[in-house]
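What follows is a short report on a single structure.
Read-outs throughout are calculated quantities, based only on the coordinates presented, and are distinct from any laboratory measurement. Keep in mind the model is a prediction, meaning the values are calculated, not measured. Virtual Cβ from ideal backbone geometry, glycine too; neighbours counted across all protein chains shown.
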Amino acid sequence: MFEQFSSGYYLGRLYVEPYGGERAVINRDHHERVAEQLYETDDEPLVMKIGSTHVAVHGAEDVPGRTVALPESALSATGTDNPPTLREVFLAKADRARQLLEFDPGGPAGF
């Protein structure tokens, strides 16, 4: 789903679509698998960069595979104008994700 991109990120392509929940989510099984492989834990959110916005992404049962579902505030913050759309998504590596998760979660994308 993701490949090596830089010292801080992996690169993937996911469908970005609206979500009625309060936080960004991907399929729970995918979240657990990626988090365990890349972060060595599955209890923290994944950190994805979509457009110019970092988003804390959790797992949910009701999301199809290869899809990141965003609440309206995060959707507009990422510059996704006409969802669902296939977008390049950068997944922060563990060290970078920890740095980003230290920010205030009150923003539109969870930071």
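Data table
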quantity	calculated
Residue in region 29-41 that is of a type outside the set (Phe, Trp, Tyr), in contact with a helix residue (DSSP H, G or I) (Cβ under 6 Å, 6 or more places away or on another chain), farther than 18 Å from Phe90 by Cβ and in contact (Cβ under 8 Å) with a residue 12 or more places away in the chain present	no
Residue in region 18-41 that is among the hydroxyl-bearing types (Ser, Thr, Tyr), over 11 Å from the mean Cα position of the chain (by Cα) and over 24 Å from Glu102 (Cα atoms) present	yes
Hey, Ala94 more than 20 Å from Tyr10 (Cα to Cα) and among the hydrophobic types (A, V, I, L, M, F, W, C) or not	no
